[in-house]
Amino acid sequence: MLIRLAIAWMLGVVAGSLWWPGAGGLWALVGAGALAALALRRTPRGRDLALALACAALGALRYGASVPPAGPEDVRRLAARGELHVTGTVTGDPRRSEDGQQVTLQVEATRLGAASRPAEGLILVALPPFPIYRHGDRLAVTGVLNTPRAAERPGDFDYRAYLAHRGIHVLIPVPKEVRLLPAAGSGPLRLLYEAREACRATMVRLLPEPQASLIVGILLGIQSSIPDDVYANFSATGTSHILVVSGWNFTIVAALLGGLTARLHLGRWSAFWLTLAIMWVYAMFTGGSAAVLRAAVMASLMVLARSSERRSEPWTLLLSACWIISAADPHTLWDLGFQLSSLATASLFAFARPVEGWISGRRPFAWPWMAPFTEALTATLAAQVLTLPLILSAFGNLSLIAPLANVLLVPVVPYAMLFGSLALAGGLLWLPLGQILGLLLWLPLTWIAQGVALLAQPSWAAIIIPPLPLWMLLTYYAVVGGVWWWRRGLRVTT
């Protein structure tokens, strides 16, 4: 039942973004659903439907609460009012592109003409590629505040809505002046980002490029230093997920911590709290994106189930994680990274076993020594079932060489993570030790970098197709979901 309620909640969040009947009507719907569930408690289907209705109404209410009206000090009230002087703090990692970098500024104060006043809100600022700004930097920016463009036609990309789901309603596309100000203080999050930057700087000293940038992306989730041509090769070969901190990282961290706590003979709950603390520090350490938080919540629930000696059902873990994250921030459901991460996980749960059965019965994948490559190909093909349509809809980029690239490169990633962690630990203790350990790391990273560069060379490696329209995307998911549910029902009845 929890799975149904989680789905109802998320559908309610989406419905609340499309149509807002008012808080009073939604609360009435919550009450009606709860009363109907009590009245139908002996009728499971009716009770579940009533609870789902109440849960959907709560989801809509949560979305409404996440969109407060602009207050008197909201910076969006100053849009298109001339040249503005803004003081604020960079929040999160800058988004780098071919043209430069985009930073999100948490506004502290503004000055319009001679009038200065405190302000609140977020501003997206487009800056040159250098100098590179980081989380916690305080900036003074001068420029004209604009409102993001909206979609010109239904179905087009709506940049204004995209930024609004990130809490950004205004931007400075061409700042006139940018100055770096002294830091205001050092909170726990800033200390964490400073430690992250120290790890990045250490890694850069251990390895040449592009190997250093690759391991920084794999371990720390920092992609801003990856050269554009290298990132383009990963995109063309369908292996960009290698550079993203994902559930795989947290599975490895949880497994390592489980082995460590067992060797230390820690109690069950002591091991749980230690594992939980380290995983969440790592989640924030790697940037705390929506996809990372989803993976961290899933891993936390898995560790909790193991500590309480309860069976952890994968679908329950996934939907519970999505529910928890969307309750904390409903706008996460519109984050493309979160969508791809969740769909990839769901696709593995639903299709990995049939894909594996189809592949493992055919040569050469039936041979025992091919097991690592079979596993990589299985994961790639299974994940593509649900993620590929969204990728085509968002980017229109179809990688034809992705299955081969993943088979050749993904099995090497765990070794890169292991040797990367050892080299980083050694480099933090004593730089020459880290450089010696970095020799072990150089080989898997070079295999990945050179393999991606080689596989991206053919002109047919990736092709550009028109982005899928929304109606086609929804139809695909409805058909695939319906077929999977029908086949699942057949397996249950037989």
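Below, the figures for the structure above:
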{"read-out": "Cα Rg, Dmax, the range 75-181, angstrom units", "value": "13.5, 43"}
{"read-out": "Under the Debye formula (equal points on every Cα, no solvent term), log10 I(q)/I(0) of the range 1-148 at q = 0.14, 0.15 Å⁻¹", "value": "-0.78, -0.82"}
{"read-out": "Förster radius 56 Å - calculated FRET efficiency between residue 205 and residue 40 (Cβ-Cβ, nearest 0.05)", "value": "0.30"}
{"read-out": "Whole-Hz ³J(HN,Hα) from phi, Karplus 6.51 cos²θ - 1.76 cosθ + 1.60, for the range 65-70, glycine and proline x", "value": "5, 7, 10, x, x, 5"}
{"read-out": "Under 12 Å, Cβ to Cβ, from residue 262 - net charge with Lys/Arg +1 and Asp/Glu -1", "value": "+3"}
{"read-out": "Inter-label distance for residue 479 and residue 18, nm, one decimal - labels placed 7 Å from Cα along Cα-to-Cβ", "value": "2.1 nm"}
{"read-out": "Sequence of 401, 324 once ranked by neighbouring C-beta atoms within 10 Å, starting from the fewest", "value": "324, 401"}
{"read-out": "MRE, 222 nm, helices only [DSSP H, n ≥ 4, -39500 (n - 2.57), over the chain, to nearest 500]", "value": "-20000 deg cm²/dmol"}
{"read-out": "Dmax and Rg, reported as Rg then Dmax, of the chain (C-alpha, Å)", "value": "24.4, 77"}
{"read-out": "Debye equation applied to the C-alpha atoms of the range 2-65, log10 I(q)/I(0) at 0.20, 0.21, 0.30 Å⁻¹", "value": "-0.68, -0.73, -1.17"}
{"read-out": "Dipole in debye (nearest 20) - the chain, about Cα centre, beta carbon charges: Lys, Arg +1; Asp, Glu -1", "value": "1360 debye"}
{"read-out": "Proxy reagent accessibility, fewest Cβ within 10 Å first, across 240, 308, 360", "value": "308, 360, 240"}
{"read-out": "Calculated from backbone phi, Karplus (6.51, -1.76, 1.60) coupling profile of the range 40-49 in Hz, x at Gly/Pro", "value": "9, 4, 8, 10, x, 5, x, 4, 5, 5"}
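Read-outs: derived from the displayed coordinates by stated rules, not from any lab. Quick caveat, the model's predicted, so the values are computed rather than measured. In this analysis, Cβ positions are derived from the backbone assuming ideal geometry, glycine residues included, and neighbour counts consider all displayed protein chains.
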